[in-house]
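*Asks:* This is the structure I want to talk about, given as structure tokens.
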Amino acid sequence: MIEVRDAKKWIQNGARRVEILKGITFSIPAGQFVAIVGASGSGKSTLLGLLAGLDAPSSGEIWLDGVPIHNLAEADLAAVRGRKIGFVFQSYQLIQTLTALENVLLPYELNVKGNGLALARGMLTEVGLAERMDHYPIQLSGGEQQRVALARAFIAEPPIVMADEPTGNLDSANGRLVLDLLLERNRKAGTTLVLVTHDAEVASRADRRITLKDGMIVEDTLPIPAASLVEDKERNG
């Protein structure tokens, strides 16, 4: 579903080159939940931006579902993002002049043919906001705004959902609710879920953790197959 081949990202500051990512290589199969973790400044959000096609690598390759997005023209890249990726921002990024329902409906109208009104209402009901559809973002709490953002990410039924610190601005109760909704979508629709987080509890629920330090992968913890857990239990009595 996602393949990264020796991706590097740097910023040229006069004669000085600041390296942010220093050669990242990994692949993520369809349906896997991956948490990208690491200290501030390790390159987590930069990497997620590359995976989502929000930025381009300075060198290397990024493939989404067989499509090489690292060298696509912007119009083609926008079309791929619209079809394949639902993105959840830490700061919600809702349009303040649109209601919750209108915010959720927007990506459907831009990327999918047909009337998505009933689906948008269903999505908001699914995230517990059936009574808040006609409210504007300023009338919603932070947790409610993030749930609107989740419904917006889900509505076009993208095969990949990416989230940048989706619980970072929320209290623990709302953070758990948002994570549960993401995991429910991962299980129910089989979406590939990739998120950046500082939260150890969030990372502990992932199938796999990719740890960055100074722009490099220092640990890639793959899920342990269930069969192996059973064998270990039997072997150890």
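*Asks:* Go ahead and collect, in residue order, the members of segment 64-107 whose backbone nitrogen is under 14 Å from a label point 7 Å along the Cα-Cβ direction of residue 5.
*Replies:* Taking a point 7 Å out along Cα→Cβ of residue 5, the residues of segment 64-107 whose backbone N falls under 14 Å are 64-72.
*Asks:* The list (i) 13.9; (ii) 15.3; (iii) 13.0 gives values of mean projected area of the Cα convex hull in nm², and only one came from this structure; which label was calculated from it?
*Replies:* Recomputing mean projected area of the Cα convex hull in nm² here picks out (ii).
*Asks:* Residue by residue through segment 48-53, what is 3J(HN,Hα) from phi via Karplus (6.51 cos²θ - 1.76 cosθ + 1.60, θ = phi - 60°)? Round to whole Hz and write x for glycine and proline.
*Replies:* 4, x, 5, 4, 8, x
*Asks:* Where a Cα-Cα gap under 16 Å defines reach, which aspartates and glutamates qualify for residue 188, not counting those fewer than 8 residues away within the same chain?
*Replies:* 126, 157, 180, 207
*Asks:* Sorting 201, 165 on the 10 Å Cβ count, fewest up front, what's the list?
*Replies:* 201, 165
*Asks:* Turning to a different aspect of this structure: Please give the charge dipole size of segment 2-235, origin at the Cα centre, charges +1 on K and R Cβ atoms and -1 on D and E Cβ atoms. Round to the nearest 20 debye.
*Replies:* 260 debye
*Asks:* Given the chain, what percent of its DSSP beta bridges are antiparallel, to the nearest 5?
*Replies:* Once the DSSP bridges in the chain are tallied, antiparallel ones form about 55 percent.
*Asks:* Follow-up. Please give every one of the lysines within straight-line cross-link reach of residue 22, meaning a C-alpha to C-alpha distance under 19 Å, and leave out same-chain neighbours fewer than 8 residues apart.
*Replies:* Straight-distance partners of residue 22: 8, 9, 44, 213.
*Asks:* Moving on. Would you pull out the residues with amide H under 5 Å of residue 24's amide H, same chain only if 5 or more places away, H placed 1.01 Å from N?
*Replies:* HN-HN under 5 Å from residue 24: 6, 7, 8.
Coordinate-derived values only; no laboratory data. Small disclaimer: the values here were computed from a predicted structure and weren't measured. Cβ atoms come from the backbone with ideal geometry, glycine included; neighbour counts cover every protein chain shown.
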